[in-house]
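> Structure below; questions to follow.
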Amino acid sequence: MKALVKAKAEPGLWLMDVPEPEAGPGEVLIKVLRTGICGTDLHIREYDGWARQAVRTPLVLGHEFVGEVVEVAPDVAAAGTVAPGDLVSGEGHLVCGTCRNCRAGRRHLCRSTVGLGVVRDGAFAEYVSLPASNVWVHKTKLDLDVAAIFDPFGNAVHTALSFPLVNEDVLITGAGPIGIMAAAVARHAGARNVVITDVSPYRLELAEKVGVSLALDVRGSKTAIEDGQRRLGMREGFDVGLEMSGRPEALRGMLANMTHGGSIAMLGLPSEEFSIDFARLVTSMITLKGIYGREMFETWYAMSVLLEGGLDLSPVITGRYSYRDFDTAFDDAAGGRCGKVILDWTA
Ligand SMILES: NC(=O)c1ccc[n+]([C@@H]2O[C@H](COP(=O)([O-])OP(=O)(O)OC[C@H]3O[C@@H](n4cnc5c(N)ncnc54)[C@H](O)[C@@H]3O)[C@@H](O)[C@H]2O)c1
Ligand SMILES: [Zn+2]
Ligand SMILES: [Zn+2]
């Protein structure tokens with residue numbers, strides 16, 4: 001089968017013929033239909049410092065996908081939870097099942113997660129195998145491009161629903177695909193004001209399409225968020241913050257604009273350590289919560305229900321390519337003038 005492989009320990013990706021994976025005990029084999037390109041995949045193509053220590057070659061990339069189940073192991077067939085013909089996406093964090101958190105059902109807090117497309121061969125291929133316990137069956141009809149990005153959509157939902165949003169004023173820093181999806185979720189979930197910031201006019205324009213109250217360009221301005229509050233008639237700061245840029249200055253700006261007792265959920269992954277005004281955090285009694293991955297499978301349930309309830313993610317998908325044009329697609333995704341970029345494995 002065709003697969004996108006990190007074949008050598010150097011920058012680049014290679015479209016190659018590799019053996020089809022097999023559905024081992026407890027596993028299913030999935031024919032991949034569409035996949036989403038993620039920041040992680042860009043790091044692996046570029047082969048930066050993180051990728052050098054995280055990836056062993058050869059590796060098939062990819063963890064954001066939708067596909068059709070073509071085969072299930074006998075024990076999976078007996079359990080009857082997933083069957084050939086099912087349309088599925090997959091949770092890309094494979095958990096150990098034996099640590100304290102796994103045994104307590106808090107699988108998203110497993111201390112020995114294995115990443116699909118980072119450690120185990122991934123979904124940028126015509127077929128991928130996955131434990132049946134990692135599979136999410138789509139029970140209602142939905143757009144295949146949207147189904148392909150359930151993984152990052154899950155990051156957005158997990159973060160956005162970390163704290164109650166109804167009637168609250170929400171600040172989102174970073175209008176990347178995940179920040180924009182979080183804005184759509186916050187709107188849908190009943191937030192009062194949803195303000196998003198970025199340094200890219202293209203992305204701020206994209207964010208406006210999901211109905212934010214304000215999309216603020218914070219380039220070269222220390223007071224943009226404060227000015228935004230004033231324009232909206234806000235007086236006491238934001239109740240909920242969703243950090244989705246991984247940038248120190250974004251978290252600092254957020255902290256300065258929170259109400260006392262406010263809550264921040266932080267998904268953005270900083271590339272290095274940095275300082276913040278901890279005195280402000282302490283004296284304003286702000287809660288800061290780190291967010292990783294998706295809750296298995298409560299977040300997945302919420303995602304399906306949000307879409308059934310009419311949440312529209314279509315504005316966030318801006319690029320569609322055949323897998324054969326992967327290099328152009330990756331350049332598009334790396335260029336930043338984009339939302340989510342999709343690879344079609346059937347075209
Ligand atoms: N914790 C997790 O499980 C997890 C999972 C996926 C992604 N992430 C992280 O979440 C973040 C969002 O993911 P994404 O795919 O949307 O990333 P992205 O890189 O596409 O988006 C980040 C956005 O932040 C903007 N930005 C840069 N400086 C800013 C500033 N000072 N203020 C506001 N915005 C600024 C960028 O222009 C960009 O649009 C990234 O940091 C990513 O690494 C974490
Ligand atoms: Zn991803
Ligand atoms: Zn575990």
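Rule-based calculations on the coordinates, nothing more; no lab input. Please read these numbers as outputs of a predicted model, since none were measured by experiment. All Cβ positions, glycine included, derive from the backbone under ideal geometry; neighbour counts span all protein chains shown.
> Using DSSP to call loops (not H, G, I, E or B), can you name the trypsin sites (Lys or Arg not before Pro) in region 99-205 whose Cβ has at most 10 other Cβ atoms within 10 angstrom?
111, 139, 141
> Most mobile of 101, 134, 193 per a Gaussian network model of the chain (Cα springs, under 10 Å)?
Top of the fluctuation ranking is 101.
> For region 243-299, what class follows from the C-alpha gyration tensor (a ≥ b ≥ c being the square roots of its eigenvalues): rounded when a/c is under 1.5, otherwise prolate if a/b is larger than b/c, else oblate?
Taking the square roots of the gyration eigenvalues as a ≥ b ≥ c, region 243-299 is oblate.
> For region 257-347, what are Rg and Dmax over the alpha carbons, in angstrom?
Using the Cα atoms of region 257-347, the pair Rg, Dmax is 18.9, 56 Å.
> Build a GNM of the chain with springs between Cα atoms under 10 Å: which of 165, 269, 13 gets the top mean-square fluctuation?
Answer for the Gaussian network model of the chain: 269.
> Going through region 252-347, which GluC sites (Glu not before Pro) have at most 10 other Cβ atoms within 10 Å and a DSSP loop state?
Loop-located and lightly packed - 272, 273.
> What are the DSSP H helices in the chain that stretch 27 Å or more along their long axis, judged by alpha-carbon atoms, and whose average Kyte-Doolittle hydropathy comes to at least 1.6?
Qualifying helices, which must be both long enough and hydrophobic enough, do not occur.
> Show me the ranking of peptides 22-34, 236-248 by mean Cβ neighbours inside 10 Å, starting with the highest.
Descending packing order for the listed peptides: 236-248, 22-34.
> Packing-wise, with mean Cβ within 10 Å as the measure, how do 43-56, 150-163 rank, highest first?
150-163, 43-56
> Taking R0 as 51 Å, what's the FRET efficiency between residue 139 and residue 274 from their Cβ-Cβ distance, rounded to 0.05?
Given R0 = 51 Å and the Cβ-Cβ separation, E is 0.75.
> Let me ask something else about it. Does region 15-59 come out rounded, prolate or oblate by the C-alpha gyration tensor, with a ≥ b ≥ c the root eigenvalues, rounded set by a/c under 1.5 and, if not, prolate when a/b is larger than b/c and oblate if not?
It comes out prolate by the Cα gyration axes.
> Distance between Cα centroids, region 83-144 to region 1-38: provide it in whole Å.
Centre-to-centre (Cα) distance: 15 Å.
> Could you tell me whether region 155-290 comes out rounded, prolate or oblate from its Cα gyration tensor? Rule is a ≥ b ≥ c as square roots of the eigenvalues, rounded for a/c under 1.5, then prolate if a/b exceeds b/c, otherwise oblate.
Details: a/c = 1.23, a/b = 1.15, b/c = 1.07.
Since a/c stays below 1.5, the shape of region 155-290 is classed as rounded.
> Let me ask another. At what distance in nm do the modelled label points of residue 14 and residue 221 sit from each other, each positioned 7 Å from its Cα along Cα→Cβ?
Between residue 14 and residue 221, the simple spin-label model gives 4.9 nm.
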